[in-house]
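As structure tokens, the structure follows; a few thoughts come after it.
The values are calculated or read from the model by the stated rules, or taken from the named source; none is laboratory data. Everything numeric here is computed off the predicted structure, so don't read it as measured data. Note that each Cβ is placed from the backbone with ideal geometry, even for glycine, and that neighbours are counted across all protein chains shown.
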Amino acid sequence: MYGFIWFSGYHHRKKTKEIGIRKALGATEGQITFLLSRNFAWLIILSFIIISPITYYFLQAWLQQFAYRIGINPLLFLLGGAIAMSIALLTISYHTVRSARANPVKALRYE
């Protein structure tokens, strides 16, 4: 998770000039946040779709080794995915809003 936070901050520092240009042209904070959050949201959804069946298979095989077995509820996977998406979007939104509220002149000054 720490790598994701670092990558998210790096991504927004790299996009500072783009954010400054968009803000100078009249984009709102909500539009900028949506634009940058959309790519990360798709990555999280894609990773959830890929890893859920794999996790289910290995977890089911591991639980079969116990004398008292329990079933795996799919809602646990959805809850985990929702929590991961929430944490990621909160992190991304924090960095994006901080970048969007900055003065666009500072981002474009050195061009």
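Working only within the stretch 44-64, note down all residues that are surrounded by fewer than 12 Cβ atoms within 10 Å (Cβ to Cβ) and in a helix (DSSP H, G or I).
Leu46, Ile49, Ile50, Pro53, Ile54, Tyr57, Phe58, Ala61, Trp62
Are any of the residues in the stretch 91-105 exposed (fewer than 10 other Cβ atoms within 10 Å of the Cβ) and modelled with pLDDT of 85 or more?
No, the stretch 91-105 contains no residue that is exposed (fewer than 10 other Cβ atoms within 10 Å of the Cβ) and modelled with pLDDT of 85 or more.
Please state which one of Thr33, Thr91 is among the β-branched types (Val, Ile, Thr), farther than 15 Å from Arg22 by Cβ and out of contact with any Leu (no Cβ under 6 Å at 6 or more places or on another chain).
Thr91
Under the condition of being modelled with pLDDT of 80 or more and aromatic (Phe, Trp, Tyr), which residue from the stretch 1-52 is nearest to Ile72 (Cα to Cα)?
Of everything passing the filter in the stretch 1-52, Phe48 is nearest to Ile72 (Cα to Cα).
Any idea which of (1) at pLDDT 85 or above; (2) outside any helix (DSSP H, G or I); (3) of a type in the set (Lys, Arg) is the one Arg69 doesn't satisfy?
Of everything listed in (1) at pLDDT 85 or above; (2) outside any helix (DSSP H, G or I); (3) of a type in the set (Lys, Arg), Arg69 misses just condition (1).
Can you tell me which residue within the stretch 67-95, out of those that are β-branched (Val, Ile, Thr) and free of Cβ contacts under 8 Å to residues at least 40 places away in the same chain, is nearest to Asn39 (Cα to Cα)?
The residue in question is Ile83.
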